[in-house]
C-alpha cells in the first residue's frame, strides 16, 4: 500500500454522544468538530440518536429543514425518521439525528442476519445492548440512503463509528455499501470497564482474562461480541491511548491501526481580562454555593478543589479522593479547603433551602450539609456514605469541606446556573485519581483553563504526560497507581493538596503556567493527523474492492424551479366560513343549541323540530346545523311568531334555572376519562355500549349536580358506518364531521390563546388542541390532533375511533391519558378524583406519577400510592382478549423515557402492565396498568364483578378470587335520554314530581303496580 495519505470527500461520524452529552466522547467530537469543518465544511456529517423526548428545546441541536431537503424527503419515503440541523458547538457541523426506535420490531431479524453474516452473538443482549445496536444499524441505513441519492462511484467516503454502541453500523455498511471505508474507534473496552468496575485487578493480570469466559461472567457477551467483531471487520481500527491498546490486544484480538489520542480546542477558553473576570465571578459563585449548602461562611482564601466526570465511584477514583480529603482534614492546615464533586447522579432538582440561602445570603444549621440538589435514595449513595464513614461532616471545626453536586452543570442546574467551563474556571486545583480511564478529558480540560491537576498513571492522559513532559512546577501531578496501591495514592493526593495549601502566589502561578503550556501540546491541530491516517487506511482498503461499486451511476441533481413572486396566474382558493347571524329575539336558540341539555329535554327538542321539521330530519336532529341552514325568510317568520317565542322563552328559562344550580362548594372535583362518549347521534365520538354508558353517565352527573368534568378525544370521522355489499360482505364507511356544525368551542388559556398540548412521539412532537362540549352542567374536554402543526400521520390520530392497528391505538391512548392530564394542567383544572373508564385511559396514572416525582421530589412508591388513593378504574370487558395490550418493542419505541422519568428501572415500569412481572414475553396490558394504579376497581354488574375477580386473581397471589378487591356498580341508563314523553308523563302522574330527582328510591318503582 502506498504511503500517500488518501483524503476522503465525505466523512460520516456516528456516536451515541452526538448532541447527547453522556461522557467523554461528547467532548472528543464536540471539540474536534471545528478542525474538521475547516477542511470539509458540510461534507463532514455527524449522526446521532434522536433520544430527546418531552423537552421544550434541544440545547445542542439547531434544527434546519433546509439542509439536504430533497434527500430528506426521499429518506422519509424509505421509512427513515431523521432530523437535520447543526450541532450547537464551535464549527457548527451538520448533524443528522436518527430515530432508531421503529427498528425494535425488526430486531430479531436484524440480529439473525448479523449472526449469519458475522457470527454476532446477540442472544443474551438486553435492552441496554439492543437500543444502541439498533441506533448503529439505523445510522448506517441513513448513510446508505444518502450515498444512493447523492454520491457516485468516484467519491471517496469514510464512515467512522465510535464505541461498540454503533458497531452494527460498520457491519451493515461492509455488507451493503462496500464503497464506504469503515473506521471503528474504541474509547474503552467492554471487558476492561467491567473488570475494573467490579473491583478486580485489571492491569497486572490482563493476560490472564479469557475474553469469552470473562464476558459471560459479567453478562456482557453480546456487547463484547459486537465490539470484537466491529474491531476486526472494520477497514481501520483505532483507540485513544496505549493503555487501551493493550486491552484491545487482549480482549478484542487485534492491535489498533492508529492511536487516535484525544485532543482539545481552546477557542472557548477566555483570554486576558475576560479570563480574570470569569474566574472571579465563578469563584464567588462557588463559595456562595458552599455557604448555602453548609449554612456557614467560607473563608475567601479557601483552596477550591474539583472532581468531576461520570459517576463511576471506583473507576474514577472518587473513593481515593474522598479518603485523601479525610486524611487532610485530620491535620493542621494553613488554610481551609473546599472540595466539590460534580457528577450527574439520580437527582430531583435543586434544593429549595439552598436556593433561598443563595438569594438571601443567610446562614444557620442545615440537615443535609453536603448536597446542592435533592438526591434520590441518598442514604445508599456511595459518596454520601463515604463522607460519613470518613468523618467528613462539614462542621465549623472542619478545615476541609466537601460539597456534592449531583447535576450536569449545563447552565440550567438551578444552583450554579453556569455552564461547566464557566464554573471550572473558578477552581484552584482539580483531582482525578482514576483507576480505569482510557484517556481522561477532565484533567486536560482543567489545565487548558490554567488549573493544575492531579491524575494517575493509569489514565491515558496521565501516561501521555509522563511520556512526553518533565513537570517541574506541579502543573500536572501524576500519581503512580497500580492494582493494589490505593493507600499510596491516597497519601500522594493528600501530600499534593497539602502542598497547594501552603504554596505562595508565585509558585502557584508557575504551576498554572506550566499546566497551560502542557495543554497547548494537546490541541486538535496537533492530534487530528491521527484521524486522517486512520481514514486513509480505510480508503486504501476500499480501493482494493472497487470492482464492487464501479458501476454506480453519477447522481445528477436538477435544480428546483422556484417561480418568481407574482408569476403564478392561477387563482388561489381559500376556505371561508360564513356564520349565520341569529336575530336578537331568537338568541335563545343559539344558546340552547350549544349545550346538549336539549337532548334530554322534550320541550327543547320540540322547539328545534318546530323550526323546520323536514330540515330537522335532514340534519340528523342537529340544532347547530339546523340554525346554520335555516333561511333568512324563516328567521323573519319566527321573529313574528308569538306562540313560538313564548315556547322558546319557557324553554330558555327552564335551561337557565337548571344551569343556575351549582355543586356544593366543598364537593370534590371528579375527572372522568373515556375513549368514547355516546351523547347524541350528531356528535360522532362513540361506537357502542361503552360510549353510551359514558354519555349517560355524564348526563346523569349533570342532573345529579356532581362536580365533574369529562376528558376524551375529538374524532374527525368517528366510528365507521356499516354497509352491506350486494354479495353480503361488510363495507366500512367513514363520514367526516363538520366541526362548525357541532356544539363545541375552543378552549382558551388566560392569554386568549387556544390551549394546545404536546406529546413526544418517535422522532417528532405531536400537538393537540382542546375543544369543550357542554353536557348540561358538565364540561367535556376533547383533544384534537387534526391540525396543521402535525404531520399527516399524526393528524390521523384523532380521525377514527378505534381505527388503525395496534400502534395507532397506542398513540390514541397516550394522547387520552398523558395528553388529557397535560390538558387539564394547562387549563388550570385540578381534580381530586380520577375515574378511568376502561383501560384505554390508564396512562393517566403514569403521567400523574411523573408529575409528582418531578414536581414534589418524592420517590416512585410514594407517588404511586398518592395516585392510587385518588383513582377509580371501571372495567367493562369480561374476557382477557378484549383488553388492549402492547408489545414491549412498541412501548420502547414510543415511551422509552418514562421509566427514567419515574425514577425506576424499565423492568419495573413494564411490570406495571403485566400479570406476571417475571414473564418477559407478556404484553403490557392497559387494564393491568389501571388495576395497579387504582385504589378502587369495579365491574359493571354483579356477575361481571365476579368474572373480573377471577380474571385478575393472578395479580393477587395468596388470595382467593372472592377476596380480590374488585366490586361492581351495575350499569344504568339516563332516564331523560331513554324515556319518551309518554312514559315520562305516566311516571310523573304515578310517582309524583319528586321522582325525577330520586330515581334510585325503590319505593317509587313499586308504585308501578298501581297503573291500571
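The values are calculated or read from the model by the stated rules, or taken from the named source; none is laboratory data. For clarity, every value in this text was computed on a predicted model and none was experimentally measured. Neighbour counts run over all protein chains shown; Cβ positions are idealised from the backbone, glycine included.
Miscellaneous remarks
- The residue that is nearest to residue 288 (Cα to Cα), counting only those in segment 352-373 that are part of a loop (DSSP other than H, G, I, E, B) and modelled with pLDDT under 90, is 361.
- Top-ranked residue in segment 853-869 [being surrounded by fewer than 18 Cβ atoms within 10 Å (Cβ to Cβ) and part of a loop (DSSP other than H, G, I, E, B); ranked as modelled with the highest pLDDT]: 869
- Residue match in segment 238-245 (condition: within 19 Å of residue 171 (Cβ to Cβ) and in contact with a strand residue (DSSP E or B) (Cβ under 6 Å, 6 or more places away or on another chain)): yes
- Sole exception among (1) touching a helix residue (DSSP H, G or I) at 6+ places or on another chain (Cβ under 9 Å); (2) under 24 Å from residue 617 (Cα atoms) for residue 691, by number: (1)
- Qualifying residue in segment 813-827 (condition: closer than 30 Å to residue 599 by Cβ, touching a strand residue (DSSP E or B) at 6+ places or on another chain (Cβ under 8 Å) and assigned to a strand (DSSP E or B)): no
- Matching entry among 103, 97 (being in contact (Cβ under 8 Å) with a residue 12 or more places away in the chain, in contact with a helix residue (DSSP H, G or I) (Cβ under 9 Å, 6 or more places away or on another chain) and not assigned by TED's automatic domain parsing to the domain that holds residue 419): 103
- Within segment 640-655, considering residues that are in a helix (DSSP H, G or I) and more than 58 Å from the chain's Cα centre (by Cα), the one surrounded by the most Cβ atoms within 10 Å (Cβ to Cβ): 644
- Of all residues in segment 493-539 being assigned to a helix (DSSP H, G or I) and free of Cβ contacts under 8 Å to residues at least 12 places away in the same chain, the one that is farthest from residue 301 (Cα to Cα): 529
- For the residues 465, 542, 490, 471, the requirement of being in contact (Cβ under 8 Å) with a residue 60 or more places away in the chain, over 30 Å from residue 170 (Cα atoms) and not in a strand (DSSP E or B) singles out 490.
- Considered as a group, the residues in segment 873-887 that are in a loop (DSSP other than H, G, I, E, B) and crowded, with 18+ Cβ neighbours inside 10 Å include one that is modelled with the highest pLDDT, and that residue is 875.
- Any hit, segment 66-76, residues being outside any helix (DSSP H, G or I), surrounded by 16 or more Cβ atoms within 10 Å (Cβ to Cβ), on the phi > 0 side of the Ramachandran plot and in the same structural domain as residue 239 (by TED's automatic domain parsing): yes
- When segment 509-540 is limited to residues that are surrounded by fewer than 16 Cβ atoms within 10 Å (Cβ to Cβ) and more than 41 Å from the chain's Cα centre (by Cα), the one that is nearest to residue 266 (Cα to Cα) turns out to be 517.
A quick yes/no check of all residues on (1) buried (at least 19 other Cβ atoms within 10 Å of the Cβ); (2) at pLDDT below 90:
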{"site": "889", "(1), (2)": "no, no"}
{"site": "905", "(1), (2)": "no, yes"}
{"site": "910", "(1), (2)": "yes, no"}
{"site": "941", "(1), (2)": "no, no"}
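- Taking (1) touching a helix residue (DSSP H, G or I) at 6+ places or on another chain (Cβ under 9 Å); (2) touching a residue at least 12 places away in the same chain (Cβ under 8 Å); (3) within 20 Å of residue 252 (Cα to Cα) in turn, residue 196 satisfies each apart from (1).
- In this structure, residue 222 does satisfy being buried (at least 22 other Cβ atoms within 10 Å of the Cβ), more than 28 Å from residue 464 (Cβ to Cβ) and in contact (Cβ under 8 Å) with a residue 60 or more places away in the chain.
- Every residue from segment 656-671 that is surrounded by 11 or more Cβ atoms within 10 Å (Cβ to Cβ) and in a loop (DSSP other than H, G, I, E, B): 663, 667, 668, 669
- Restricting the search to strands (runs of 3 or more DSSP E) fully inside segment 672-763 and requiring at least 1 residues that are touching a residue at least 60 places away in the same chain (Cβ under 8 Å) gives 708-713, 744-746, 756-761.
- Single unsatisfied condition, residue 697 versus (1) modelled with pLDDT of 95 or more; (2) surrounded by 18 or more Cβ atoms within 10 Å (Cβ to Cβ); (3) farther than 26 Å from residue 995 by Cα; (4) out of contact with any helix residue (DSSP H, G or I) (no Cβ under 9 Å at 6 or more places or on another chain): (3)
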